1. Residues being out of contact with any Phe, Trp or Tyr (no Cβ under 9 Å at 6 or more places or on another chain), under 23 Å from L207 (Cβ atoms) and not hydrophobic (A, V, I, L, M, F, W, C): count how many of those fall in the range 266-320.
2. Exactly one condition in (1) within 17 Å of T327 (Cα to Cα); (2) within 25 Å of the chain's Cα centre (by Cα) is false for P420; which is it?
3. Is it the case that some residue within the range 37-51 is buried (at least 20 other Cβ atoms within 10 Å of the Cβ), at pLDDT 95 or above and on the phi < 0 side of the Ramachandran plot?
4. Can you tell me how many residues within the range 237-277 are surrounded by fewer than 22 Cβ atoms within 10 Å (Cβ to Cβ) and modelled with pLDDT of 90 or more?
5. Which residue, of V351, V371, is assigned to a strand (DSSP E or B) and over 30 Å from L148 (Cα atoms)?
6. Would you mind finding the one in A378, A340 that is among the small types (G, A, S), part of a helix (DSSP H, G or I) and under 24 Å from V223 (Cα atoms)?
7. Determine which member of the set A164, A81 is surrounded by fewer than 18 Cβ atoms within 10 Å (Cβ to Cβ) and not assigned by TED's automatic domain parsing to the domain that holds A195.
8. Taking the options V139, V177, name whichever one is in contact (Cβ under 8 Å) with a residue 40 or more places away in the chain and either touching a strand residue (DSSP E or B) at 6+ places or on another chain (Cβ under 7 Å) or not assigned by TED's automatic domain parsing to the domain that holds E104 (or both).
Amino acid sequence: TAPSRSRSRDDAAGTDAGDAAVPGRGSDLGSGGDGAVPGRGGVAGGDAVEVYARTGRWVDGKAPLAKWLWLRAHEPGVPAAMRWWASVPDAVAYALTGVLRTHETLAARTLAYDVVRRDYDEDLLSLAGLRPEQLAPTVRAVEPVGGLTATVSGVAAGIPVVIAGHDHAVGAWACGVRRPGHVADSMGTAEAVLAPAAHRPDPRTGLAMGITADPSLDGTGTVLVGGLPTSGGLLDWLLGLTTAPDDPPDGTAERGVVDGGARGTGDRYAVLPGLLDGVRLPTGIVAEPYLRGRVAPAPDRGRRATMSGMGPDHTFGDLLAAAMEGTCLHTRWTVAELAAVTGAAPERLVVFGGQVRIPLWMRVKAAVSPVPVDVVRADDAVCAGAALVAGQAGGSLDDVPVLPREPQPHDPGLAAAYRPLYERFLTLARQENA
């Protein structure tokens, strides 16, 4: 199996690909990522619609393009002296092979990649004083970057090195979500719903909904993505209110259930089964899971987490379960809105990520979902997917095996009980400045 790297950070500054970034209506791409930029070469830097039409993304200060603009304004010597810009997976592959390449799903996250032309956008790059040749050329997910030239213990020289792609895209592909009608739910600290589409959305629609229109892993289509910044993150926060915030000094804390080992979460999750024991579903509490704003399907950077319907008989376990319910209700809303854009009715929802190890969460997920739910229980579906992609180095993505998945049992009675709760959730979520 060829070495590969798919879990990544967006740029050389190390911005996490899963961090929250909420699209603002009328956002500007500024000289430091926070101010207006005059139009150059037919592109208005502050024209979010035009930027989305080219890149499939909203104007965002988190994107590498915003950081390049900041460097040009505040540290002009850095871009002037820069030979190449490499994201972390690009840099790792370069260190292993001596060849600089990237995958299209990673290039698209720069906010300077034209997903229609499938090449870097000279106009957008020129805003930062950069040229396309300063960025890594793209390769297909199964196209080797090159043979291994670095010394790596236990790995033979010449083994092909593959950049599998962005984590959500790799995980979804490995879980069998590859065409319209298939929908993936990638769960972790944040959560993302991925829906392959036969066409790109109207830019105004994409912006209004806070979704991105990303290249598919095989480069033949589009995948619409709607994110929830705080899914497992909301549970982490609630657990942190009652447990110690730090790992033991000897470093013996267990790995976290949701994120695979974020600092300080191990001991918290050890108490979770006991806290959830005896919780009755539905809880009757309607939770809006927006601890740090809402992205899709209705962007609201000022939105915050709320819980309504709490009574004296509710326990802390009920609040934790309500947080899980809130994320599931939000996901159902997102799936419905994405289906309206793609025009493809979802056939199944395939779930992967840390939360699949929490039985109550998956029980709620299946009850709330209007379509059958399949669960992929691989310890890390993204890393497993990257290995499977690398195993097809030089071949076809279509030959990548699908990770084992199992149907999540559906409880019709529980599903019926959640229908009025979903309507209450939608009413609250759609209120302005609730």
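1. 7
2. (2)
3. Yes: the range 37-51 contains one or more residues that are buried (at least 20 other Cβ atoms within 10 Å of the Cβ), at pLDDT 95 or above and on the phi < 0 side of the Ramachandran plot.
4. Qualifying residue count for the region: 11.
5. V351
6. Of A378, A340, the one residue that is among the small types (G, A, S), part of a helix (DSSP H, G or I) and under 24 Å from V223 (Cα atoms) is A340.
7. Matching residue, one of A164, A81: A81.
8. V177
The values are calculated or read from the model by the stated rules, or taken from the named source; none is laboratory data. Owing to the predicted nature of the structure, the values given are computational and were not obtained by experimental measurement. When we count neighbours, we look across all protein chains shown, and the Cβ atoms used for this are built from the backbone with ideal geometry, even at glycine.
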